[in-house]
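Engineer: Handing you a structure now.
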Amino acid sequence: MKGVMIFGNKGKLSPQYVGPYLILRRVGKVSYELEMPNELASMHLVFHVSMLRKCVGDPTSIVPLEGLGVKEKLSYEEVPVELLDRQVKKLLS
């Protein structure tokens, strides 16, 4: 498709929708202006209502960014929460 911006991967694995973004104002009867991040500044800010989806989210599932400990190499330390299974093997001598 000509003139369509693809987010991330191409094909089946490309995301169908990106967001959620804040609606700034209603431009016409069926168009809205959205607040977009700087990465998407090249994209037009006004969208037809058929291109938008309602964001139904659970506010309790939002993880605060302040608590995340991401290192400069974009790695993190996994901390086990619970041991689910344990095996003790005896070596024959």
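Every read-out reported here was derived from the displayed coordinates using simple, explicitly stated rules and does not represent laboratory data. Because the structure is predicted, anything quoted here is derived from the model rather than measured. Quick reminder, even Gly has a Cβ in these numbers, built from the backbone with ideal geometry, and neighbours come from all protein chains shown.
Engineer: Taking the simple approach of a point 7 Å from Cα along Cα-to-Cβ for both His48 and Tyr21, what is their distance in nm?
Structural biologist: Using points 7 Å along Cα→Cβ, the separation is 1.7 nm.
Engineer: Grab the Cα-Cα distance for Glu82 and Glu39, subtract it from 0.36 nm times how many residues apart they are, and report the gain in nm with one decimal. Write out the running numbers ahead of the final one.
Structural biologist: Working: separation 43, 0.36 × 43 = 15.48 nm, distance 3.88 nm.
Working it through step by step, the gained length comes to 11.6 nm.
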